[in-house]
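Notes follow once the structure below has been shown.
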Amino acid sequence: MRVDLFILNYNGEKYVLPCIDSFLQAMRNSKHDCQLIVIDNSSTDQSVASIKNRYPSVRVMSMPNRVLCSFNDVVLQSKADIVFLLNNDLRATPECIDPMVDIFVTHPDTFLVAPKSYSMDGSFEGGKSTAFISLGGFGTTCHFKGFEEHANRFGYTFATGFGAFDRKKFIELKGYDDLYLPGRLEDSDIALRAWRMGWKCFYQPLSVIHHIGAKSFDERFSKKGTLKLAHRNSFLFFWKNISDKPYWLAHIFFVIPRIFYMLLKGDLGFFTGFLEALGKIKIVWHKRRENKLIKYSLSDRQVLELFRHEN
């Protein structure tokens with residue numbers, strides 16, 4: 001199979017070089033036809049110069065900074081069967097590529113494959129995620145009850161922030177939705193749409209990747225800003241994607257109590273995130289109408305029920 005590995009970079013000079021080096025080593029151990037490309041989202045540091053100096057054979061594509069949505073354009077241009085969509089703060093292990101790619105061969109209905117992920121200190125970060133709606137709010141987690149028992153088991157995952165994707169299926173879904181820019185939950189959005197199409201998302205524990213974790217994003221927006229975006233986008237996600245009436249009744253009933261509870265906890269970002277989501281209500285309702293025109297195989301509830309036993 002032809003495999004393109006795209007590394008997304010923004011002002012990641014201190015992260016991206018070791019990332020490139022680790023994936024180049026992994027590519028040398030792969031039986032597939034692999035190519036590595038760096039997507040630079042208009043960095044203002046010396047990232048591009050450093051990459052070109054150390055890795056002159058690595059292609060660098062300069063793009064406007066649309067965060068994960070930059071992947072949409074390059075995937076359209078790619079001729080590969082499988083595309084790896086990667087952050088600049090990852091470190092590949094030498095044998096991580098082929099176990100992920102092999103899943104697309106054995107399971108033709110695969111949309112994405114997520115690797116097992118460890119933090120740089122060696123602690124288990126995740127890779128197998130579940131999704132849920134609780135008190136009218138959508139959420140995902142890799143640390144569900146009993147997750148330790150599943151860490152070494154191949155199986156379903158709800159979504160992934162980085163991993164391998166079927167290029168044609170990614171294009172059919174029109175990639176990541178810019179509704180969520182500058183970021184958070186766009187990976188959950190595209191995964192839910194894929195599940196509803198009847199495709200599968202898998203977790204492959206034989207592929208291991210180490211992850212520093214949101215460094216470029218946090219440095220740009222701060223941890224509080226990142227949390228506010230997550231709150232805002234959780235509302236946008238719900239309003240765009242969820243149609244089940246009981247879920248909506250819970251959402252309406254609990255939204256005000258949730259706001260007051262978060263304010264009492266000192267989390268102002270939940271309230272400001274809600275207000276910012278309201279500011280996008282016309283956009284999200286337009287996208288909701290577009291979403292309803294798609295002939296999905298599964299409802300939102302049917303997808304979430306697949307993961308209910310893990311919540």
**Request:** State all residues of segment 107-141 that are without any contact (Cβ under 8 Å) to a residue 24 or more places away in the chain and either in contact with a Ser or Thr (Cβ under 9 Å, 6 or more places away or on another chain) or surrounded by 12 or more Cβ atoms within 10 Å (Cβ to Cβ) (or both); if no residue qualifies, say none.
**Result:** Gly126, Thr141
**Complete:** Going through (1) assigned to a loop (DSSP other than H, G, I, E, B); (2) under 16 Å from the mean Cα position of the chain (by Cα); (3) within 23 Å of Phe270 (Cα to Cα) one by one, Thr160 fails only at (3)
**Message:** Please go through (1) within 24 Å of Leu192 (Cβ to Cβ); (2) surrounded by fewer than 17 Cβ atoms within 10 Å (Cβ to Cβ); (3) at pLDDT below 95 for Leu249 and return the number of the only condition it doesn't satisfy.
**Reply:** (3)
**Asked** Is there a residue being crowded, with 17+ Cβ neighbours inside 10 Å and among the charged types (D, E, K, R) anywhere in segment 267-274?
**Response** yes
**Request:** Consider Gln25 carefully, then state whether it is assigned to a strand (DSSP E or B), of a type in the set (S, T, N, Q) and either touching a strand residue (DSSP E or B) at 6+ places or on another chain (Cβ under 8 Å) or modelled with pLDDT under 95 (or both).
**Result:** no
**Message:** Show me the helices (runs of 4 or more DSSP H) found entirely inside segment 251-311 where at least 1 residues are farther than 24 Å from Tyr176 by Cβ and either out of contact with any Gly (no Cβ under 8 Å at 6 or more places or on another chain) or not assigned by TED's automatic domain parsing to the domain that holds Ser234 (or both).
**Reply:** 268-278, 300-305
**Prompt:** Failed condition for Asp89, given (1) surrounded by fewer than 17 Cβ atoms within 10 Å (Cβ to Cβ); (2) touching a strand residue (DSSP E or B) at 6+ places or on another chain (Cβ under 7 Å), with all others met?
**Reply:** (1)
**Asked** Of everything in segment 70-86 that's aliphatic (A, V, I, L, M) and not in a helix (DSSP H, G or I), which residue is surrounded by the fewest Cβ atoms within 10 Å (Cβ to Cβ)?
**Response** Ala80
**Request:** Would you check if there is a residue in segment 234-243 being touching a Lys or Arg at 6+ places or on another chain (Cβ under 9 Å), modelled with pLDDT of 95 or more and either among the acidic types (Asp, Glu) or surrounded by fewer than 16 Cβ atoms within 10 Å (Cβ to Cβ) (or both)?
**Result:** yes
**Message:** I'd like to verify a number: residues in segment 86-106 that are of a type in the set (D, E, K, R) and without any contact (Cβ under 8 Å) to a residue 60 or more places away in the chain, how many?
**Reply:** 1
**Item:** Number of positions in segment 163-176 that are over 20 Å from Ala131 (Cα atoms) and outside any loop (DSSP other than H, G, I, E, B)
**Value:** 7
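The values are calculated or read from the model by the stated rules, or taken from the named source; none is laboratory data. All values reported here derive from a predicted model rather than from experimental measurement. Methodologically, a virtual Cβ is constructed for each residue, glycine included, from the backbone with ideal geometry; neighbour enumeration extends over all protein chains shown.
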